[in-house]
């Protein structure tokens, strides 16, 4: 491609509504252009990245034995009523009527439609298993679309659905897809991690998320650097401390702690570590009665775990200040278990504490020297906290580290949730009719573009992995209109690289070097060759990788061969 | 691809609602599956065809210098209000509200969005021209979707939009696109014709349709087999006859013609040719006054031409029987010009008639020997009929032939209809702001799939052109599970063809030969090789092209080379 024939549109400043780095850089580099909230045009530069991502996904899905089809974006309500999702899903499911006043939805996923296809076509165990996928536009009417294409309303997803004669075969395919996803993200050139995940709203059991690792990621992931263990912090088990609870050595003492409302303030006031305090969190119970949860002062409540406790209202809801005042007789910040008559749970790490500091249920007062069993009844023990770096790994092999990630893929064992509701059955080897087992496997194509940038950028712009860069290499001639020698050398290198199947762009726009370099660094093309009269006199061109700080002089005759050694794929 | 790993689902019978051959065959061969009226799943077999069509279009558009981008399916109403189309378009424009009650549409085309992009990005003549295209899902809420994917609601289109500094440059690009379209349809392997077309509702001037030639086509096309001339019959000029009008030789005679209401009945009754009669057609005039149109009895009124006559109401509306009775004093079927005081137009071919038969404005009576000027005033002359085969070609080079076609592409010179309304301007070389000239260029991707079948089928099924066949060649082993020799020979040929880049499928389903052949003939794979034990003993395999009636024996060692000579691409 010649730059003059392409569509390059870079901006000095990102628009004010761009909050995160990938959104800012994509807007500035001309990859996307906003059309409406959460709805973006994919400009030529951005579309090249998307197509490369799609192709890698397609190749790996095909290699894994899945078969591509395409289901409509507009789907009739009837199928969604069969599974109950037409009524159960929130406003993110866009519903509308056609000219004949019939109800339709825009697909956010396609479980209903694929199950409808399969129940019509596949009737015998001999036709199973099948894994069918599409790479298709999805719509989710987010209340507050944000982060550019990371949480947009219209986006592209690869969604695959597999059908099986039994659970064993579903588990086999689940492993197969796990492998395919690992290959996809490896080929995309991204640092990623597969993590055990909550199944969320889509239903079913058994699920992994694939995360692109990035400091700016929305999700916290606990992983064991020395093993395969990784889990969303929402789900990662905080194992019981191996150390026993020390015997009490201090007396229960009420002390005045004016202004110490938070654990930080309390620890600072008492000149102790936060891990010597116990944090009291009050949540709504099943019948409007508040439930008290005790955590070590330096730990955080895990809401997913807490919402599963017997007697706790789900989804988790923190008790209102009024409820707290009524139940404990004090303001939040001075609350504790002593004297509370309701249900109390304590985290596993609280169960091994002694001589702790707790709220006294009297404004601006705490107890020191509080001890379980001695000063208040032993509460039930549960795992209700988020793991932290240094916690023992649940697989017993060392300790956990924490990183942040962006979810870009998700695989589920759906089991029979959809096939049962929609009567998707087959005749087994024994002649009897059975409900199919199902799996589903999603990858956010456009989301990957954003996540790749969150993982790979610097102050000058994007740094694409070779496999998904809009162009693999840019040739920058110095003085295109001025020097015939430069034009010839640049064009000849361009032609040679293209002939070798390398996706090169020749910048023939005749821009000043500063503008040219700034554009390509912003756009993030990973390799650059500069050709100028001065170098040509010495028979040299200059190569520079996007992450490198200095250029390498390479003889013009060898530059094409040199570049090939630098490309990852 | 191995058939056992693919998704093959053929039906013995087409569903009852499939009216035309391409719809029936696509349903039977498992290319598409209906989801809702005018909304279809593209099954794996059909999607392979669509992807091949898309790739040819993409390659030719890129070669012609156009740049691909992708615009959202869901578009905000505001832009459509700027051009007035939000209100002006009928119910085929699907409008809906999002969760915040804001108005959106689903794109049937994207003139508004592309113009919005360009007015933001391109501000200088130096950035022009640009031709931007997308291959994207469209939605048109047809009142009565039919013909399968030929007139569906959700479909795939390639739509391109070009922007220019002046009309000259638009015309240059229009020619460029004309050439690109010719290359596209040639590469698709389809017999096609580019025809001058009415611009229709989309607006602008200068337009060609590209038609795939098929007897079942909706449109009639007049073309000159000896020149480049081709036009939709709606627009083709019927030139004035070269012969002068003969002098009157008969007297005006009123005769009783009981029951002769139509031209056919009249000519049969009088034992004359229909071309000796004059047909009277009455249409509504501008102010409710009927207008009389005279055509030679064997000719058909061209409504597009007639609607453009001065004094004729547009769009054309035939006068009601009551209006006719009131204005002429007789029923339709006995109407004529003698005595009618209103406006009369006659077709050019009527202007050279003498001694004609016309209605007498008295039920069941006609005149013979009627002559223009002598028996009634000479009406205004106009071209108001459809051309017929044998008419002189308007380009003066021989005579016209008529064929039928399916419109699959359309190119327009939009001029400034959208750029003016939306303020899409640039700074010219002279420093002055000017409105851009625009062109637009559409191809119906999914429609091509249907049209290709309408052009290429027989009683056994589809016959795909090589370039867009779901697979180029099928290898049919006789007795897959029984014979190791057959398995080995078939697998080895399959591997060899795949390595040579040939899109082969190996039918390892172990079906009976009859089922296997019927499936692949229905699906329309253009080349087939049969490998069986009997042939292998003689070292032979059997090749048969889909249009051939007999197989050719080819030595197994030479079969791969033989096949390559048979492939078109």
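The values are calculated or read from the model by the stated rules, or taken from the named source; none is laboratory data. It should be emphasised that the depicted structure is a prediction, and the values quoted were computed from it without experimental measurement. Heads up, the Cβs are rebuilt from the backbone with ideal geometry, glycines too, and the neighbour counts pull from every protein chain shown.
Out of the residues in region B:110-119 meeting the condition of being within 11 Å of chain A (Cβ to nearest Cβ) and part of a helix (DSSP H, G or I), tell me which one is farthest from residue A:73 (Cα to Cα). Give the derivation first.
Let us first name the residues in region B:110-119 that are within 11 Å of chain A (Cβ to nearest Cβ), namely B:110, B:112-114, B:116-118.
If we keep only those that are part of a helix (DSSP H, G or I) too, we end up with B:112-114, B:116-118.
Working: B:112: 22, B:113: 20, B:114: 22, B:116: 25, B:117: 24, B:118: 27 Å.
Only one residue tops the list, namely B:118.
Residue-wise test of (1) more than 9 Å from chain B (Cβ to nearest Cβ); (2) closer than 30 Å to residue B:61 by Cβ.
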residue	(1), (2)
A:54	yes, yes
A:70	no, yes
A:76	no, no
A:84	yes, no
A:102	no, no
A:108	yes, no
A:121	no, no
Return the residues of region A:313-367 that are part of a helix (DSSP H, G or I) and without any contact (Cβ under 8 Å) to a residue 60 or more places away in the chain; say none if nothing qualifies.
A:321, A:322, A:323, A:324, A:325, A:326, A:327, A:328
When you go through (1) in contact (Cβ under 8 Å) with a residue 12 or more places away in the chain; (2) part of a loop (DSSP other than H, G, I, E, B) one by one for residue B:501, which number turns out not to apply?
(1)
What is the number of the single condition among (1) part of a helix (DSSP H, G or I); (2) surrounded by fewer than 23 Cβ atoms within 10 Å (Cβ to Cβ); (3) away from every other protein chain (no Cβ under 11 Å) that residue B:13 does not meet?
(1)
Test residue A:216 against the criterion of being in contact with a helix residue (DSSP H, G or I) (Cβ under 8 Å, 6 or more places away or on another chain) and modelled with pLDDT under 90, and give yes or no.
yes
Only one of these is part of a loop (DSSP other than H, G, I, E, B) and either buried (at least 17 other Cβ atoms within 10 Å of the Cβ) or touching a helix residue (DSSP H, G or I) at 6+ places or on another chain (Cβ under 7 Å) (or both): B:247, B:260, B:231. Name it.
B:260
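Being closer than 25 Å to residue A:10 by Cβ and in contact with a strand residue (DSSP E or B) (Cβ under 8 Å, 6 or more places away or on another chain) narrows it down to one residue among A:540, A:544; which is it? Step through it out loud before you land on a result.
Details: A:540 fails: closer than 25 Å to residue A:10 by Cβ.
Every option except A:544 fails the conditions.
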Flagged in region B:128-166 as more than 9 Å from chain A (Cβ to nearest Cβ), outside any strand (DSSP E or B) and either within 26 Å of residue B:96 (Cβ to Cβ) or at pLDDT below 95 (or both), in numbering order, are B:140, B:144, B:145, B:147, B:148, B:149, B:150, B:152
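A quick yes/no check of all residues on (1) part of a loop (DSSP other than H, G, I, E, B); (2) farther than 22 Å from residue A:120 by Cβ; (3) touching a residue at least 60 places away in the same chain (Cβ under 8 Å):
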residue	(1), (2), (3)
B:45	no, no, yes
B:58	no, yes, yes
B:62	no, yes, no
B:72	yes, yes, no
B:100	yes, yes, no
Of the conditions (1) at the interface with chain A (Cβ under 9 Å from one of its Cβ atoms); (2) at pLDDT 95 or above, residue B:28 clears all except one; give me its number.
(1)
Where residues in region B:518-545 are part of a loop (DSSP other than H, G, I, E, B) and out of contact with any helix residue (DSSP H, G or I) (no Cβ under 7 Å at 6 or more places or on another chain), which of them is modelled with the lowest pLDDT?
B:538
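Look at residue B:35 and say whether it is assigned to a strand (DSSP E or B), within 13 Å of another protein chain (Cβ to nearest Cβ) and buried (at least 18 other Cβ atoms within 10 Å of the Cβ). Reasoning before the result, please.
On the way: assigned to a strand (DSSP E or B): yes; within 13 Å of another protein chain (Cβ to nearest Cβ): yes; buried (at least 18 other Cβ atoms within 10 Å of the Cβ): yes.
It is true that residue B:35 is assigned to a strand (DSSP E or B), within 13 Å of another protein chain (Cβ to nearest Cβ) and buried (at least 18 other Cβ atoms within 10 Å of the Cβ).
Kindly provide the set of residues from region B:263-279 that are touching a residue at least 12 places away in the same chain (Cβ under 8 Å) and surrounded by fewer than 22 Cβ atoms within 10 Å (Cβ to Cβ), ordered by number.
B:263, B:267, B:269, B:270, B:272, B:273, B:274, B:275, B:276 - these are the residues of region B:263-279 that are touching a residue at least 12 places away in the same chain (Cβ under 8 Å) and surrounded by fewer than 22 Cβ atoms within 10 Å (Cβ to Cβ).
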Filter result for residue B:486 (assigned to a strand (DSSP E or B), outside the structural domain of residue B:31 (by TED's automatic domain parsing), under 18 Å from residue B:2 (Cβ atoms) and in contact (Cβ under 8 Å) with a residue 40 or more places away in the chain)
no
